[in-house]
Structure formats: structure tokens, C-alpha cells
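Here is the structure we will look at.
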Number of protein chains: 2
Amino acid sequence: MEHFSSNLLQSAVEEFSRLPGIGKKTALRLVLHLLKQDREEIGRFSEALLQLHKKVVYCSECHNISDSPVCDICSSPRRDRSMICVVEDIRDVIAIENTGQYHGLYHVLGGIISPMDGIGPADLTIGALEERLRKNNQVEELILALSTTMEGDTTNFYLYRKTKPFNLKVSVIARGIAIGDELEYADEITLGRSIIHRTEYVNTTIK
Amino acid sequence: MEHFSSNLLQSAVEEFSRLPGIGKKTALRLVLHLLKQDREEIGRFSEALLQLHKKVVYCSECHNISDSPVCDICSSPRRDRSMICVVEDIRDVIAIENTGQYHGLYHVLGGIISPMDGIGPADLTIGALEERLRKNNQVEELILALSTTMEGDTTNFYLYRKTKPFNLKVSVIARGIAIGDELEYADEITLGRSIIHRTEYVNTTIK
């Protein structure tokens, strides 16, 4: 697709097609869709990206995306400062926040240790986490909420060893059969773990 | 997904998720991808959209997207001004240009007549096409390259009737089995048409 009648159209299509999972044809469809909208829509889109480009930062405490040097979660007086939940990326923070079940702080690693992809501990914010624990003695518990993959397990173990000097309680999030899932369709490993880590029956309806 | 730690992130995600086929999760993935890139990348993306917003126009002749009041195709001295190919939208112009087989002019309708979607002749650039034919007596042939659907057929017939006063040759693009396709997988209608509209055998290899 080289014969664009408009260079402006072409450069917008090229920008879209640089995004993951978006090919040239989809990019063209998206740009033509934008052109069919109210012109203000494109201006607003452009402005949102410009503001993001200029102003967004990473929180100096937890490395979450933030509009200010310290993010809303880290600076909130209502958050429980005794626990830090360690996650791989920003999407995990959003997912956990949406549950409404966690009121502690976070630490965003920016990835997990993966020698296959050339990602070592130095590429992640692990040093910053140690620094944070050194400066702050309110923290009592570290909750590891990483993927249950070999890389996740490796990272869990590395974090466990690195944070040992701080004498924290280190926990991992529970793994088991998802609520609403049928047992027969669960994989053996998950089902096996859910039996090993069974909890005492308490008569409550799931909210 | 309401708990964004950054309003800037949130508005960028909202802009992306307004695009067709892009949900909130995909939009977030795309914006996080942009943030992981060089910051200049976002600036360039924003600028491409801003330029598109400010400067892109529709060609006053053929209604193709253009950077100038009359598009490159309509203003080119190398194009054959005796034929106009009528297409539904800009993507069709790009597709035909990429074949390298057509050197005439275009007319972009901006859709096809579809009473089900509430699109009538007045919503398309049919009036502008008549005006164009009235002003220009170089045109000898009108090539209709619309979809082979009921709506496409209706639009073909409407265009045929409306342009009758101009005494043009009106043709439609050939329909048949695609090059490289196997007969057994072709639908009956296409196969049937390809037999009716068979052409004399000429010994050339397909380029």
C-alpha cells in the first residue's frame, strides 16, 4: 500500500501501524474512521497524546504511571503503608485496584526476570524497591503478585532473597480455581494447588 | 477499568478506545506500548494527527483525500482524462492504484446507496459527479467499481440512469475467479458469472 494520495494521511497511517498488532490495513481503517468524525475529535486525540508525551512521569516511589512525581496511591493518607504489593506492570495495578480488595501500596517492577528475553534484575526496579524498604520501616508485608510462570517463580525467589535482610512477611497471591469455573475444565496444576492450599470452610456468600 | 493512576494516561486510553474494534484493554496496551518507546515517538504520533486535523482536505474534483484543493491524481498531466472510475471510498482508490493497471481519473462516492443504513443518493457525491461531467466533455467512459452487493447493484443502476444524458460508455469491472484460486472452492454465483463472461483464450503468462 504505497499509493496514498495524501502525505498527511500516509504519515498518520504509518504512526498507527507502528503499534503492536496493527497492520497497514487496520491503520488505514482507523485513520479513515477518524477523518469521518468531527474534526475536533482528531484534535483532541492529538492533544491527549501530546499531554501524555510532555507530562506523564513514573512515580518515584512505586514506579506506577503518574501525573505528579509521587502518584495518587503513594501520596494518599488512606492507604495502608504496612504492605507493598509487587507487580509486573501498570495493568496489574489497575486490575488489583478494580477489585477494591487491596488498600496497601504497590511496587511496579517493569517486567520479570527472563534470561531468555535478556531481562535481568538490573533491568527491573528491584534496586529501587530495596532502597524504598531501607528508607521506610513501616513496611511489614511484601505481597508478590507475579505470573505463575518459570520467570515469575524465579523473580519471586530473587525478591525473597533480596528482601530477607528487612525481616518482612513475604506472601504470594492465592492460586486456584476461578470463581464460577467448573472443576472439570481446570488444568491439573491449578486444581492440584487448589487442593493443597485449601482453606477452612466459612459459610459466606461470595460477593 | 476505572482506576487509572494518571488522568493523562486515562484520556489517551479513552481516545484510543473510541476507535472501531479497539476496546479499553487493547487501548491501554497500545498506550503503554507508546510510553515504553522513545518519548519522541509519542510526540511524532501527536504531530501526525494534528497535521491531519489541520490540513487534510477532500479533492474538489474527485473527493479523494488530499493535501491540496485538487489531488495529485486529478492534477497530474499524465492521467487519462477520458475515463473516470467510480469507487465507494478512498481505500478502493489505493487498492486500484496499487495494481498499476489504471491511469484514468477517479470519483469517490463516499459510500453506496443503502436504504437500510439510511444512505440515499443525496448523502453521496453523485451530484458532484454530474456537475463534473457537465463541466468536462473530455470524459468518454465511466467505470463502475462498486461492491457486488444489492446496494452496489442499486448504486450502479442509479449512476447509469443519472449519467445517461452525457452519452458515456458505462462499464463495470470484471468479476470472476481470482487468479490462483481453485475452481472447487469458488461460490456458484462467481463461477457462473465467470463462465457467462468468458474471454477468448490468448496465450500469455499472467504477470
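The values are calculated or read from the model by the stated rules, or taken from the named source; none is laboratory data. Everything numeric here is computed off the predicted structure, so don't read it as measured data. All Cβ positions, glycine included, derive from the backbone under ideal geometry; neighbour counts span all protein chains shown.
When region B:105-129 is filtered for residues that are touching a helix residue (DSSP H, G or I) at 6+ places or on another chain (Cβ under 9 Å) and acidic (Asp, Glu), only B:Asp117 remains.
Scanning region B:60-81 for residues that are closer than 21 Å to A:Arg39 by Cα, among the hydrophobic types (A, V, I, L, M, F, W, C) and without any contact (Cβ under 8 Å) to a residue 40 or more places away in the chain returns B:Ile65, B:Val70, B:Cys71. Within region A:1-25, the set of residues being crowded, with 16+ Cβ neighbours inside 10 Å, more than 7 Å from chain B (Cβ to nearest Cβ) and more than 22 Å from B:Tyr106 (Cα to Cα) comprises A:Glu14, A:Phe16, A:Ser17, A:Ile22. If you go through region B:26-45 and keep only what is modelled with pLDDT under 90, more than 8 Å from chain A (Cβ to nearest Cβ) and not in a loop (DSSP other than H, G, I, E, B), you end up with B:Lys36, B:Glu40. So is A:Ala48 surrounded by 19 or more Cβ atoms within 10 Å (Cβ to Cβ), at the interface with chain B (Cβ under 7 Å from one of its Cβ atoms) and in a helix (DSSP H, G or I) or not? Yes, satisfied. Note on region B:81-101: residues that are over 16 Å from A:Lys25 (Cβ atoms), crowded, with 16+ Cβ neighbours inside 10 Å and modelled with pLDDT under 90 amount to 0. Can you pull out every residue in region A:147-159 that is touching a residue at least 12 places away in the same chain (Cβ under 8 Å) and assigned to a helix (DSSP H, G or I)? Selection gives A:Glu151, A:Gly152, A:Thr154, A:Thr155, A:Asn156, A:Tyr158, A:Leu159.
Specify the residue that is farthest from A:Ala128 (Cα to Cα); the eligible residues are those in region A:151-169 that are under 23 Å from the mean Cα position of the chain (by Cα) and among the aromatic types (Phe, Trp, Tyr). Out of the qualifying residues, it is A:Phe157.
With respect to the conditions (1) under 17 Å from the mean Cα position of the chain (by Cα); (2) without any contact (Cβ under 8 Å) to a residue 12 or more places away in the chain, B:Ile173 lacks only one, and its number is (2). Hey, does region A:61-80 have a residue that's more than 9 Å from chain B (Cβ to nearest Cβ), among the aliphatic types (A, V, I, L, M) and loosely packed, with under 13 Cβ neighbours inside 10 Å? Checked region A:61-80: no residue is more than 9 Å from chain B (Cβ to nearest Cβ), among the aliphatic types (A, V, I, L, M) and loosely packed, with under 13 Cβ neighbours inside 10 Å. Number of residues in region A:5-24 that are outside any helix (DSSP H, G or I), modelled with pLDDT of 90 or more and not β-branched (Val, Ile, Thr) equals 5.
In the set A:Leu49, A:Leu124, A:Leu133, A:Leu109, only one residue is hydrophobic (A, V, I, L, M, F, W, C), closer than 18 Å to B:Leu32 by Cα and in contact with a Phe, Trp or Tyr (Cβ under 6 Å, 6 or more places away or on another chain); that residue is A:Leu49. Since B:Lys164 meets every condition but one in (1) in the same structural domain as B:Asp123 (by TED's automatic domain parsing); (2) touching a residue at least 12 places away in the same chain (Cβ under 8 Å), which condition does it not meet? In the conditions (1) in the same structural domain as B:Asp123 (by TED's automatic domain parsing); (2) touching a residue at least 12 places away in the same chain (Cβ under 8 Å), B:Lys164 misses (2) alone.
Given the criteria in the same structural domain as B:Ile112 (by TED's automatic domain parsing) and under 27 Å from B:Pro115 (Cα atoms), does B:Thr149 qualify? Let's see the steps before the verdict.
Numbers: in the same structural domain as B:Ile112 (by TED's automatic domain parsing): yes; under 27 Å from B:Pro115 (Cα atoms): yes.
So B:Thr149 passes the test.
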